[in-house]
Amino acid sequence: MPVNRMATARKSGKHKREEVLIPDKLYFRIGEVSRLCRLPAYVLRFWETEFPQLKPTKSNTGQRMYRRRDLENALRIKTLLYDDGYTIAGARQQLRSESKALKTQGGLPFPRRAPSDGLKRVRQGLQEILAILSGSARRARA
């Protein structure tokens with residue numbers, strides 16, 4: 001199973017920043033997030049009330065389902081609070097400013113294509129496949 005790494009750079013005081021291996025999955029249950037973050041589940045539930053960036057969805061059974069982005073946000077919040085010494089309000093503000101900085105940087109440095117350009121290529125490819133299949137069906141009947 002592929003694994004992504006979320007690296008943390010420095011060590012300080014009581015809490016050591018360490019590398020967390022994030023499994024390549026779409027969703028994580030709160031127990032998995034708790035284990036990966038090395039935090040009790042009640043801390044994660046409390047953070048959900050304090051940080052708007054941490055909003056897991058709930059399954060039909062009411063189980064919290066964290067996406068990768070939620071897990072990365074939880075790790076970032078942990079770093080801000082435990083390693084960098086931010087208060088909850090300060091960490092909330094820091095996350096807000098980081099989010100704004102990402103938005104002002106813009107998207108990926110690739111040229112944008114019109115959305116219809118991709119659809120045209122897909123349609124053309126499907127028409128070519130249809131022509132090939134139609135030709136082989138005629139040959140099979142002959």
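The values are calculated or read from the model by the stated rules, or taken from the named source; none is laboratory data. No experiment lies behind these values; they were computed from the predicted model shown. Positions of Cβ are generated from backbone atoms using ideal geometry, with glycine treated the same way; all protein chains shown enter the neighbour counts.
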Give me the residue from region 46-61 that is of a type outside the set (S, T, N, Q) and out of contact with any Phe, Trp or Tyr (no Cβ under 8 Å at 6 or more places or on another chain) and, out of that set, surrounded by the fewest Cβ atoms within 10 Å (Cβ to Cβ). 58
Any idea how many residues of region 104-125 are at pLDDT below 75 and closer than 30 Å to residue 73 by Cα? 8
Kindly provide the set of residues from region 35-93 that are within 21 Å of residue 20 (Cα to Cα) and of a type in the set (Asp, Glu), ordered by number. 48, 70, 72, 83, 84
So, residue 81, is that one on the phi < 0 side of the Ramachandran plot, in contact (Cβ under 8 Å) with a residue 24 or more places away in the chain and in contact with a helix residue (DSSP H, G or I) (Cβ under 8 Å, 6 or more places away or on another chain) or not? no
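Against the definition (closer than 20 Å to residue 36 by Cα and either part of a helix (DSSP H, G or I) or among the basic types (Lys, Arg) (or both)), how does residue 54 come out, yes or no?
Judged against the criteria, residue 54 is not a match.
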Determine if region 54-72 includes at least one residue that is modelled with pLDDT of 95 or more and either over 15 Å from residue 28 (Cα atoms) or not assigned by TED's automatic domain parsing to the domain that holds residue 30 (or both). no
Flag for residue 43 being touching a strand residue (DSSP E or B) at 6+ places or on another chain (Cβ under 6 Å) and surrounded by 13 or more Cβ atoms within 10 Å (Cβ to Cβ): no
Subset of region 64-85 [assigned to a helix (DSSP H, G or I) and farther than 14 Å from residue 44 by Cβ]: 68, 69, 79, 80, 83
Residues being under 16 Å from residue 82 (Cα atoms) and of a type in the set (Val, Ile, Thr) - total across region 24-55: 1
